[in-house]
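The values are calculated or read from the model by the stated rules, or taken from the named source; none is laboratory data. Keep in mind it's a predicted model, so treat the numbers as computed, not measured. Please note: Cβ atoms are built from the backbone with ideal geometry, for glycine as well, and neighbour counts cover all protein chains shown.
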Amino acid sequence: MEQHRATLAEIARAAGVSIPTVSKVLNGRPDVAPGTRQKVQTLLDERGYTTRRTARPTPRAGLIEVVLRDLGNPWAMQIIDGVEDLAYRAGFGVIVSAVHGRHRTRPDRRWTEQLAARRCDGVLLVLSDISSSQRSQLDELGIPVVIIDPVGQPPADIPSVGATNWAGGLTAAEHLIGLGHHRVAVIGGPPTMPCSRARVDGYRAAMHAAGHRIPTGYLRTGDFTAPSGYRETNALLDLSQPPTAIFACADEMAWGAYEALYERGLRVPDDLSVVGFDDLDAARWAVPPLTTVRQPLTEMAGMATRMLLSLVNGEELGSHRLELATPLVVRHSTRELT
């Protein structure tokens, strides 16, 4: 049986240090405390760790790669803006790649080979993840990873930056309830995505706290796109007792709701109030301007980039898990029920 080959992550855990610190020892960097260097080197020797990078260190390329699930989504540009600005000021270029396939959450097997060929210094994963074998390959290459808006629970040693999705869903529903609505429906995203489940759970909590029953058919499932918002809004309007308000768990789905209402001769917010989630740039220019929960995408990207640059420079992080607040932005798509 082939002997298990130690990874950088395993060495780092055993030594009680970060992966970049192990990488610095491998590359002979001087900015490691002597005691730490000795502990790491002993573990490397004991476990027979060898890598091509140890024999011939590869010079830094000055590149960060951003991996997105969907390059066509409006929030992708807000993420890229947040990364590019900080990376540029730090002297790094940015490469953008996509996970190919609408329902995929991780890059294919060729990606790590291409990443190594590009000699990227770090990776930002946006709404995507990597397999254990890909993680091991990145460990071997000494390439740190930070996740933005993780699709699941990331490994304990991979830093991540997310948003308070549950609190955002709660705030959206509480806003509508406070305006007198008790027939409030929700259009969630894919139930396999934790951010979507959290937003819907926040809505449920607000409805329960207010003593409002959620009627059959009021919990709808979309996919964060306008067509799904259009489809599910039509389904809600066809109910024998349609809602007076809709919480769409993405701005794009809210715009789909707008279209469905417009086609039926209904007006927002006179006939039905609508709340979105994201606060994309176009939300303020919708007609009427969309009340929405702000997901601080640019700030999330900036924070993740700072964390990644720290790891690239071999620095320790103060925290591996960050969640940024999701405040409600009230515009003109909601009104008090009379």
Can you pull out the residues in the stretch 296-327 that are modelled with pLDDT of 95 or more, among the polar types (S, T, N, Q) and over 20 Å from Pro144 (Cα atoms)? Thr326
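Quick grid of which residues meet (1) in the same structural domain as Val275 (by TED's automatic domain parsing); (2) crowded, with 23+ Cβ neighbours inside 10 Å; (3) modelled with pLDDT of 95 or more:
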residue	(1), (2), (3)
Cys195	yes, yes, no
Tyr203	yes, yes, yes
Ala209	yes, no, yes
Tyr218	yes, no, yes
Asp223	yes, no, no
Arg231	yes, no, yes
Ala235	yes, no, yes
Asp238	yes, no, yes
Gln241	yes, no, yes
Here are Ile79, Ile64: which of them is surrounded by 20 or more Cβ atoms within 10 Å (Cβ to Cβ), at pLDDT 90 or above and part of a helix (DSSP H, G or I)? Ile79
Among Val151, Val145, Val96, which is the only one that is closer than 21 Å to Arg321 by Cβ, modelled with pLDDT of 80 or more and of a type in the set (A, V, I, L, M)? Val145
The lone condition His181 fails out of (1) buried (at least 19 other Cβ atoms within 10 Å of the Cβ); (2) on the phi > 0 side of the Ramachandran plot; (3) not hydrophobic (A, V, I, L, M, F, W, C) is (2)
In the stretch 285-303, what residues are β-branched (Val, Ile, Thr) and in a helix (DSSP H, G or I)? Thr298
